Amino acid sequence: GNWTGVFVNGTFRNFCDPTYKLADSGAVNCPSGWVRIIDVNECKAAITYFAEIHGNGTFEDATAYLDGKLGANGSPGCVRHGINSKVVFNVENTASTDFRMSDDERYVCKKA
């Protein structure tokens, strides 16, 4: 079959079988077959994955912002802010229930 991807530091990143995926902007949850990232280390791995593919400055690690204390009513888990490309992680909200974010926020998801 055809391979679509890119080599990064000697590792092939297959776009047809990605490790991580972004939900649509403003979505209430990850797409079918994908789940939210609710572990900060997994969130950091996803940031590295996307930054390697898309280049520096496209996915900035901001998981330490406010020590991850973004509020029980804040965006849950691992979230990318499109306006500034920062990825934050909220330790105070890791619920799996649907949560409507602002239009510039996107869940960072992993395979279910």
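The values are calculated or read from the model by the stated rules, or taken from the named source; none is laboratory data. Treat the numbers as computed from the prediction; the structure is a model and nothing was measured. Note that each Cβ is placed from the backbone with ideal geometry, even for glycine, and that neighbours are counted across all protein chains shown. Remember, those area values only see protein heavy atoms, side chains included, never the ligands or the DNA or RNA. Shrake-Rupley method; radii C 1.70, N 1.55, O 1.52, S 1.80 Å.
State which residue pairs qualify: first residue closer than 15 Å to THR94 by Cα and inside the range 32-48, second residue open to solvent by less than 40 Å² (accessible area, probe 1.4 Å) and in a loop (DSSP other than H, G, I, E, B) in any location, beta carbons under 7 Å apart, and separation of 6 or more residues or different chains.
Every condition considered, the pairs that remain are ARG36/CYS30; ARG36/PRO76; VAL40/THR63; CYS43/ILE37; CYS43/THR63.
Just give me the residues in the range 57-76 being surrounded by 13 or more Cβ atoms within 10 Å (Cβ to Cβ) and of a type in the set (D, E, K, R), in sequence order.
Within the range 57-76, GLU60, ASP61 meet the criteria.
Considering only residues that are without any contact (Cβ under 8 Å) to a residue 60 or more places away in the chain and surrounded by fewer than 17 Cβ atoms within 10 Å (Cβ to Cβ), which ones fall in the range 15-31?
Correct list: PHE15, CYS16, ASP17.
Output yes when any residue across the range 33-54 is outside any helix (DSSP H, G or I) and polar (S, T, N, Q), and no when none is. Steps first, answer last, please.
Of the range 33-54, the ones outside any helix (DSSP H, G or I) are 33-39.
Narrowing the set further to residues that are polar (S, T, N, Q) leaves none.
No, that holds for no residue.
Taking the range 10-48 as the search range and keeping residues that are among the hydroxyl-bearing types (Ser, Thr, Tyr) and at pLDDT 90 or above, which one is nearest to CYS78 (Cα to Cα)?
TYR20
Keeping to the range 55-100, report how many residues are at positive phi and in a strand (DSSP E or B). Walk me through it before giving the result.
Taking the range 55-100 first, the residues at positive phi are 55, 57, 66-68, 71, 77, 85.
Now narrow it down to the ones that are in a strand (DSSP E or B): 77.
Adding up the residues that qualify gives 1.
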